[in-house]
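Here the structure comes first, spelled out in structure tokens, and everything after it is commentary.
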Amino acid sequence: RGREFVPAVVVGTGYGSAVTALRLGEAGIATTMLEMGQLWTKPGRDGKVFCSTLNPDHRSMWFARRTEAPLSTFLWLDVVNRDLGRPYAGVLDRVDFDNMGVYVGRGVGGGSLVNGGMAPTPERAYFERMLPRVDADQMYRRYFPLARRMLGVNSIDPRYLEKTPAYRYARVSRKLAQQAGFRTTTIPNVYDFRYLQREERRQVPRSALAGEVLYGNNHGKQSLDKNYLADAVGTGKVTIRTLTKVLAIRRERDDYVLTLERIDPWGKVVWRGELGCRHLFLGAGSLGTTELLLRARETGALPNLPAAIGRGWGPNGNVMTARANHLWDWTGPLQSTIPTVAVDNWHDPIHPAFAEIAPLPVGLETWASLYLAITANPERGRMVFDHVHNKAKLLWGSGQSNPAIQSAKALFDKINRSTGTTYRHDLFGNNERFAADFCYHPLGGCVLGQATDNHGRVKGYRNLYVTDGSLIPGSIGVNPFLTITALAERNIARHLPTLP
Ligand code: FAD
């Protein structure tokens, strides 16, 4: 054929991709993973691989001139974000569309490098409502436990939670929620809580207690490079090409041909070329996978792709908000970046919300309680292909976030009323109390059973699979990576016997 060929290609190195590559490798199938971000193992001049949220540098953002932290101001001052100098292949990206900014991780491990590590299992009834054709028995008996084990999900020691200064912020928020009559719960995580305790005693280098999370954790977090991806490469069958972006996909006879571009960390293109494969697994995330398939359909490269591609997109009902506490309810200058307590109002019949108590690790007392609420917003957006700019565009109206805001408002109005406290207006810009114009949990675009069959095989083409968060129809009720991992395990188990 005159071009390089591999039996299987996996695009991306996030949750869906990592699961798929490991299982392909174990089955003895030579697999190449293609990742547009870097391998994050080389320390910078400060001896650290990642920079902290308090002192971000060029490593923080994906080709940006300034950091774009979710909290844009503090006391209305523009003190949060920093200029970065020369754009660089940093670890966190924010992709901006009209009315919605989407945060994603870039690098070997995808979102696992930058996320908060929270790994709750969705409530079964809601899972069944969102994915009615998936065998829930099998998921809850086999694949959720498998995903939890593989990812190293663990829970905080309740005695430690009650006494550590690092979770005073969580205890204060929990107390006020309980005073208002709400249920609270702890959330499992992939950050090693035993490591956290040793951090506090200064027996090991600090990470969660040193403001690290959004731009990567140097220690403690069991990101995908430490489990699935390490195991995948360990099979001897899986290789990862970094800083290599898939630009386009086409079909030639029985094979797929990918157009690739490799850059150096400063963005200079160092190579362009093609790679052929027989089996193509797309795990580039909700935005990445949907864009690749829209481009293939709309440019005529894969004209038989279904109309359902691009549909069913949602931000998992994400809303951020913050409250101001009374002076005696100080939240503490030392705050673990790893959230582990939530206010659970999911069973509210009108305004369901699962609100995680988030840290504000600025190193000084703020009297603020910050939250990421996940709501059951039924609104869905649509991704379409913008031919002029050769990229995907998200159609999401500003009013589509309103149901999410109403659910969060119902919960926090009640807490403020019961405890005599108020909202903070200084954190999200424009005096806003609720921020629902950005999300951490992009989901959908290639929905299971609609754009694909019931196991992620894309309709209209053979040997073409979707493995990531784009399979989930816009909402799953809790933080999504455990579900993405478990679904990917379920799907690849179905495909393996059909592969050569
Ligand atoms: P991703 O993890 O997004 O991986 C996709 C990969 O593909 C990326 O590495 C990307 O660089 C690469 N890629 C994309 N396009 C291309 C291309 N064309 N060519 C080559 N490579 C490409 N979820 C939770 O469950 N718990 C949390 O606590 C949590 N906190 C979060 C905090 C933040 C700040 C963010 C941003 C996300 C958080 N999430 C959390 C969400 C979670 O990380 C994502 O849901 C998850 O990573 C999605 O997995 P995925 O397999 O769909 O794709």
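The values are calculated or read from the model by the stated rules, or taken from the named source; none is laboratory data. As the structure is a computational prediction, the values presented were derived from the model and not from experiment. Cβ atoms come from the backbone with ideal geometry, glycine included; neighbour counts cover every protein chain shown.
Considering region 165-202 alone, what residues qualify as being touching a Ser or Thr at 6+ places or on another chain (Cβ under 8 Å) and of a type in the set (Val, Ile, Thr)? Correct list: 172, 186, 187, 190. Could we say that residue 434 is surrounded by 18 or more Cβ atoms within 10 Å (Cβ to Cβ), near the ligand (Cβ under 10 Å from one of its atoms), under 24 Å from residue 394 (Cα atoms) and in contact (Cβ under 8 Å) with a residue 12 or more places away in the chain here? When the stated conditions are applied, residue 434 does not pass them. Applying the criterion of being touching a residue at least 24 places away in the same chain (Cβ under 8 Å) and part of a helix (DSSP H, G or I) to the residues of region 176-193, the residue that is nearest to residue 365 (Cα to Cα) is 176.
Filtered by the rule that a residue be free of Cβ contacts under 8 Å to residues at least 60 places away in the same chain, aliphatic (A, V, I, L, M) and farther than 22 Å from residue 116 by Cα, region 353-394 gives a lone residue, 388. Against the test of being within 16 Å of the ligand (Cβ to nearest atom) and either buried (at least 24 other Cβ atoms within 10 Å of the Cβ) or closer than 16 Å to residue 361 by Cβ (or both), the options 215, 169 yield a single qualifying residue, 215. Answer yes or no: is there a residue in region 17-29 that is assigned to a loop (DSSP other than H, G, I, E, B) and of a type in the set (Lys, Arg). No: region 17-29 contains no residue that is assigned to a loop (DSSP other than H, G, I, E, B) and of a type in the set (Lys, Arg). Looking across region 218-256, the residues that are away from the ligand (no atom under 13 Å from the Cβ), closer than 21 Å to residue 289 by Cβ and surrounded by 16 or more Cβ atoms within 10 Å (Cβ to Cβ) come down to 232, 238, 251, 255, 256. Residues in region 231-265 that are more than 24 Å from the chain's Cα centre (by Cα) and in a loop (DSSP other than H, G, I, E, B): 235, 236, 237, 253, 254, 264.
Quick one: in region 94-126, which of the residues that are among the charged types (D, E, K, R) and touching a helix residue (DSSP H, G or I) at 6+ places or on another chain (Cβ under 9 Å) is farthest from the ligand (Cβ to nearest atom)?
Checked region 94-126; the qualifying residue farthest from the ligand (Cβ to nearest atom) is 98.
Looking at this structure, is residue 191 of a type in the set (Phe, Trp, Tyr), buried (at least 18 other Cβ atoms within 10 Å of the Cβ), at pLDDT 95 or above and farther than 26 Å from residue 173 by Cβ? Against the criterion (of a type in the set (Phe, Trp, Tyr), buried (at least 18 other Cβ atoms within 10 Å of the Cβ), at pLDDT 95 or above and farther than 26 Å from residue 173 by Cβ), residue 191 does not qualify.
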